[in-house]
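Here's the structure, in structure tokens; my notes come after.
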Amino acid sequence: MKHTLRQIFHSPKFVTGFVIFSFLLILMLIYPLISPGNPLEMVGLGTFFKPGVYVNVYDSVNTELHTLKLEDAAQKRIDSVLSDEDRVAMVNWLTAIGIDVEDIDISDTGALLELWWGNYDRSIRPEGMTKALRNYYERLNNRLNSIKNSDDIIIAETGEEDGELIKTATITDTDYVNVGDVANVKFLPLGTDNFGRDVLKQLVAAAKTSLMIGIIAGCIATFIGLTLGLLAGYIGGVVDDIIMFFTNIFTVIPSFVILILISYSISQDNRGATTVAIVIGCTAWIWTARSVRSQVISLRNRDHVNLSRLSGHSLIKILLRDILPYIASYVVMALILQISSAILAEAQLSLLGLGPKTTEVPTLGLMMNWAMLYSAHLNGSWWAYFPVIFTIALISFSLNLMNTGLDQIFNPTLRD
């Protein structure tokens, strides 16, 4: 056993996959301790908040102010309002009213704004321009005027006696606050999803749930396939014919089609994570059974098996003591592949709306389903789906890398 473990952990591929998988497991265990709470809790009233640090504006106003003179502050303030698309639109409008803009550089913010402020008039209606586009230019001009006419912000309170506003503070464009002094700060490394939920917290919980589904489904599929494969390969005859008859039927009909039909027949309220895992496991045993049967056929006439048979040992004892140890390494590799396949199967089911019910726990497939339903891929909200895709790929990659490493160790034809 010690020699086998030494061989396994001397395989670069297995070690790489094991390290990646262990890192994901540690993250799943530790992050909920750092950021506790319900992963499906809505922390934001809105959809698809960008990743970043969110500071409470109310608290920041009452925080001690510091004056900083930063040379590029004004430029950054303008750039935050004026995007590249807005710059191109400004040039298009100026061109439409006959202004020569051939020599202007749209990256020269000062020259572009000066030309815009000197020529824009909301009453001008360029030929062929729609009302919606004119409204866009009017909104753009209002934003730009807010920069041009930027004044100090006055904080006022309502007087208790006469109800008039009383000036209490003034905020200038050079006032800054230390984030550490603000009472309420929320760090959202991956922003929020379409329901205003923390994507990172949800992703960690979803990966944990999907992995649990994969392990349950993988164990069920491996157990069924191993049992049927052992019986068919060792007993042979009518038992082999019956088992292979049903195996061939499931082979002809794609297992994913059967999986869809079974999942569809189960109501949404009854489709929990465990139920989905059992359904996946009960439809994924076919290739394991066929492979184990082939392995057992090559072992059933070995001398030590014949000796046990002549000694009067029971069927179960022969299978467990004389045959199973010789295919144990193959069974472990089959289990790893089954877990990886089950995680992918759950993601596919959830994308079709046939995954676990959405009110209990998130899964990687459900997160992809939510992102797709609310068009995250169309509105540029990459943080709602790309980390999910990356996590699925990383889990599958690490498991398949571990399986490849084990195959190189235990498969004589692949040994150096």
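Quick note: the coordinates plus some simple rules give every number you see, no bench work behind them. Worth saying up front: this structure is predicted, and the values here are computed from it rather than measured. Positions of Cβ are backbone-derived with ideal geometry, glycine not excepted, and every protein chain shown enters the neighbour counts.
Evaluating kT/(6 pi eta Rh) at 10 °C and 1.306 mPa s, with the Kirkwood radius of segment 20-77 over Cα pairs in the Stokes-Einstein relation, gives 98 µm² s⁻¹. What is the magnitude of the charge dipole of the chain about its Cα centre, with +1 placed on the Cβ of each Lys and Arg, -1 on the Cβ of each Asp and Glu, and no other charges, expressed in debye to the nearest 20? Taking the Cα centre of the chain as origin, the dipole is about 3380 debye. Summing Cβ point charges (Lys, Arg +1; Asp, Glu -1) relative to the Cα centre of segment 53-187 gives a dipole of roughly 560 debye. For segment 13-27, the Karplus equation 6.51 cos²θ - 1.76 cosθ + 1.60, evaluated at θ = phi - 60°, returns couplings of 5, 5, 4, 4, x, 5, 5, 4, 5, 5, 4, 5, 5, 4, 4 Hz by residue, with Gly and Pro reported as x.
Based on Cα atoms of the chain, Rg over Rh with Rh as the Kirkwood radius reads 1.18.
Once segment 311-416 is represented by equal point scatterers at the alpha-carbon sites, with solvent omitted, what log10 I(q)/I(0) does the Debye formula produce at q = 0.10, 0.22, 0.24 Å⁻¹? Per q value, in the given order, log10 I(q)/I(0) is -0.48, -1.10, -1.21. Considering all different alpha carbon pairs of segment 318-371, the Kirkwood hydrodynamic radius works out to 13.1 Å. Projected onto planes of every orientation and averaged, the convex hull of the alpha-carbon atoms in segment 53-187 covers 12.1 nm². Can you return the aspartates and glutamates within cross-link range of LYS186? Criterion is Cα-Cα under 18 Å, with same-chain partners fewer than 8 residues away left out. List returned: GLU41, ASP59, ASP198.
Shape verdict for segment 171-263, please, from the Cα gyration tensor: rounded (a/c under 1.5), prolate (a/b greater than b/c) or oblate.
Working: a/c = 7.75, a/b = 3.95, b/c = 1.96.
Cα axes put segment 171-263 in the prolate bin.
Taking amide H atoms as placed 1.01 Å from N in the peptide plane, the amide H of TYR54 lies under 5 Å from those of LYS186, PHE187, LEU188, each 5 or more residues away in sequence or on another chain.
Charge tally for MET368 (other residues, Cβ to Cβ under 13 Å; Lys, Arg +1; Asp, Glu -1): -2. Using every pair of distinct Cα positions in segment 131-212, the Kirkwood expression returns a hydrodynamic radius of 18.3 angstrom.
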